[in-house]
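K.L.:
A single structure is presented below for examination.
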Amino acid sequence: MREHEAGNRILEERHGVRFSTWGDAAGRGYNGTVAADDPSGGERLGHLDYQWHPADPGPRIALVSVGREHRRRGVATALLDRLRHEFPGRPVDPGGYSTPEGGAW
């Protein structure tokens, strides 16, 4: 557990954000959210919603949302890095739908 927390702190320092995570069981699966906040003021920069089921190889991204004023600054990449930290060694399925802005990511 300490190693996991230390890895989270490293990711926060690398990306300059504060992460929070939450979710809920959905049958045998899990619906979760990873959020990135500004560490100096607590403003929400963006969030990533995902689903995971034990029969799947890894989590599937359902939604990535970054505030318009925070786009193209690495927030979505930070959220993806944090999700990968939660599922080490597992592939992340990007979903399959995206906006034009998401396609640039």
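K.L.:
Taking Ala26 as meeting all but one of (1) under 20 Å from Asp93 (Cα atoms); (2) under 12 Å from the mean Cα position of the chain (by Cα); (3) loosely packed, with under 15 Cβ neighbours inside 10 Å; (4) without any contact (Cβ under 8 Å) to a residue 60 or more places away in the chain, write down the number of the exception.
P.N.:
The single condition Ala26 does not satisfy is (2).
K.L.:
Which one of Ala25, Ala76 is over 22 Å from Glu5 (Cβ atoms), of a type in the set (A, V, I, L, M, F, W, C), part of a strand (DSSP E or B) and modelled with pLDDT under 95?
P.N.:
Answer to the check: Ala25.
K.L.:
Looking only at segment 50-65, which residues are crowded, with 19+ Cβ neighbours inside 10 Å and under 15 Å from Asp81 (Cα atoms)?
P.N.:
Matches in segment 50-65: Tyr50, Pro59, Ile61, Val64.
K.L.:
When you check Glu5 against the structure, is it in a helix (DSSP H, G or I) and either touching a Pro at 6+ places or on another chain (Cβ under 8 Å) or among the small types (Gly, Ala, Ser) (or both), yes or no? It would help to see each step written out before you state the result.
P.N.:
Values: in a helix (DSSP H, G or I): yes; either touching a Pro at 6+ places or on another chain (Cβ under 8 Å) or among the small types (Gly, Ala, Ser) (or both): no.
It is false that Glu5 is in a helix (DSSP H, G or I) and either touching a Pro at 6+ places or on another chain (Cβ under 8 Å) or among the small types (Gly, Ala, Ser) (or both).
K.L.:
Same structure again: Please enumerate the residues belonging to segment 37-56 that are farther than 23 Å from Gly27 by Cα and of a type in the set (Ser, Thr, Tyr).
P.N.:
Ser40, the sole residue that qualifies.
K.L.:
Tell me which residues, restricted to segment 51-69, are outside any loop (DSSP other than H, G, I, E, B) and under 15 Å from the mean Cα position of the chain (by Cα).
P.N.:
Gln51, Trp52, Arg60, Ile61, Ala62, Leu63, Val64, Ser65, Val66 - these are the residues of segment 51-69 that are outside any loop (DSSP other than H, G, I, E, B) and under 15 Å from the mean Cα position of the chain (by Cα).
K.L.:
Also, I was wondering about something else. Scan segment 56-79 and report the pairs whose first residue is over 15 Å from Glu13 (Cα atoms) and whose second residue is acidic (Asp, Glu) and modelled with pLDDT of 95 or more, with Cβ atoms within less than 9 Å and a gap of 6+ or a chain change.
P.N.:
The qualifying pairs are Ile61/Asp49; Ala62/Asp49; Leu63/Asp49; Val64/Asp49; Ser65/Asp49.
K.L.:
Let me ask another. Looking at (1) in contact (Cβ under 8 Å) with a residue 60 or more places away in the chain; (2) in contact with a Ser or Thr (Cβ under 8 Å, 6 or more places away or on another chain), which one does Asp37 not meet, given that it meets all the others?
P.N.:
Failing condition for Asp37: (1).
K.L.:
Next question, about the same structure. Would you mind finding the one in Gly32, Gly46 that is assigned to a strand (DSSP E or B), without any contact (Cβ under 8 Å) to a residue 60 or more places away in the chain, touching an Asp or Glu at 6+ places or on another chain (Cβ under 8 Å) and not hydroxyl-bearing (Ser, Thr, Tyr)?
P.N.:
Gly32
The values are calculated or read from the model by the stated rules, or taken from the named source; none is laboratory data. Being a predicted model, the structure only gives us computed values, none of them experimental. Counting neighbours? That spans all protein chains shown, and the Cβs are built from the backbone with ideal geometry, glycine included.
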